[in-house]
1. Evaluate E = 1/(1 + (r/R0)^6) for residue 24 and residue 356, where r is the Cβ-Cβ distance and R0 equals 51 Å; express this FRET efficiency to the nearest 0.05.
2. Grab the Cα-Cα distance for residue 273 and residue 217, subtract it from 0.36 nm times how many residues apart they are, and report the gain in nm with one decimal.
3. Viscosity 0.692 mPa s, temperature 37 °C: what is the translational diffusion coefficient of the stretch 247-409 from Stokes-Einstein with a Kirkwood Rh over Cα pairs, rounded to a whole number of µm²/s?
4. Taking neighbour counts of Cβ atoms within 10 Å as a proxy for exposure, in what order, fewest first, do 218, 62, 327 appear?
5. Distance between the C-alpha centers of the stretch 582-602 and the stretch 259-336? Whole Å please.
6. Can you give me the distance in nm between label points at residue 535 and residue 490, each placed 7 Å from the Cα along the Cα-to-Cβ direction?
7. So for the pair residue 461, residue 17, with labels modelled 7 Å out along Cα→Cβ, what separation do we get in nm?
8. Please tell me the relative contact order of the stretch 247-409 in percent, rounded to the nearest whole number, where contacts are Cα pairs under 8 Å and at least six residues apart.
């Protein structure tokens, strides 16, 4: 069955079918020169063939790359052509077949079918060059200036066959325009083939007048030239790296990123090749830099850069340092959801990578906020692509940091919210010194509230009330003694009654400040239950304001899925089951439905905060012990 499926795939894929047909035709052409009459070659000629084979294998070993494009190039064609001109097509084909056998063992990492295809293409090229050489009056075994036109036309045929065969393959793979692909190949390899023309003529003269000693001299010269070209490429590569790389992180720099963005946008417009772009910004980097100094901050940037590079390179992604503590990633062939999943996994990898001193940061680890944007027809230039990704990244920051947002999935927070959010963040930041759990809890509830405001399509005023109320909802806990808030054991009845007072303390705080009195219902009533058994007033059903009922669901969900001293941490799935079970009793059943759908979507996207995953692991270890 597997073989039949493989055959079906080949027949349906033009590029696969082309490779199979070309390989078979080339192999049959090769065999046609020997099977009908057998191989009738003298011992002296076999020695020559073995020497030529050794030369091909040696030159393949010293394959080099040429700047600026970095094409891999070998001088083996020089030997094949010289063999055709001096000894004829049969010895050239035998040299090709035997050398291919040895090259397969030297390049075991190359897929077998590529060797097979290479053998077929060289067969067509050698046979074609021999046919043209003889048709234009060339003779084997001698060299005269009158044969020069035959040499030139023969090499042109060798060159054209090579370009046509390879160009057709890329045309089938990339669905481009054949003429443009052929033009590109001709432009990029013309100089190399002109060099082969000159070198093959030199080798012909050496072979005719000095026999195999000429081959020996030629291989010495060719090997030295290959070494020189290698050094030239290394020098070019080093200079190119300095121009395109950020020296601190080892990633590409801003200028190179913009060049690549231009290229990807161009291919998108011409061929529709999808790609996504992500902006990443390290969270609280300034705080780390101010505390430990710029040298240590530079080490952190280098550390994060190395992780990004290691995670992106296997997928062929372009990763760059955009500036300061900002990074950027171009993800070819990735839609927004795939890109978000990759960046989210990268975020988790960064979270789980220890680095000196990061425990003082709010998340207790290295973290970043990211925005993802998929290239689309409405994006007309790279500045817009970068700007929209940056905007999505800002939304990730506003949701509590250490998260990833796709552009278009969030409504922008109105500008007038930004000042209020920053002001209230300063209020809850006091929890960092008193109870870091409450601080993180408030930020997570805030993040969930931003998402739900968008999902429910709340108007601007409702959105503001829900988001700000979620951020400040536990402010009354500042009045609760530290030893009660951080107690590891189960609270006593008296302590629990004191904790329940935080909603009243919060209400009094807001009324005293006067600025945010409109948030009082959410702060005071987010522990009321739909069935009337909650606190502080025992309100029931629609007696509880809608946004307070929604905040009750969000607050309870986060409390269930994060570590608390007096309860077991639950997974997202378990928390969803609990919300479903308590719909109509603790929670508003109508509001529970969209929230459950929202959480299930996050589960599908693998968008679970790393700290929650870590807490569950630690809990499982404790339970296992």
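Just so it is clear, none of the values below were taken in a lab; they were calculated from the coordinates. This one's a predicted model, so the numbers in the text were calculated from it and none came from an experiment. Quick reminder, even Gly has a Cβ in these numbers, built from the backbone with ideal geometry, and neighbours come from all protein chains shown.
1. 0.25
2. Using 0.36 nm per residue and subtracting the Cα-Cα distance, I get 15.2 nm.
3. My calculation gives 208 µm²/s for D.
4. The order, fewest Cβ neighbours first, is 62, 218, 327.
5. 36 Å
6. My value for the distance between the label points is 1.6 nm.
7. Each label point lies 7 Å from its Cα, and together they span 6.6 nm.
8. Answer for the stretch 247-409 is 30 percent.
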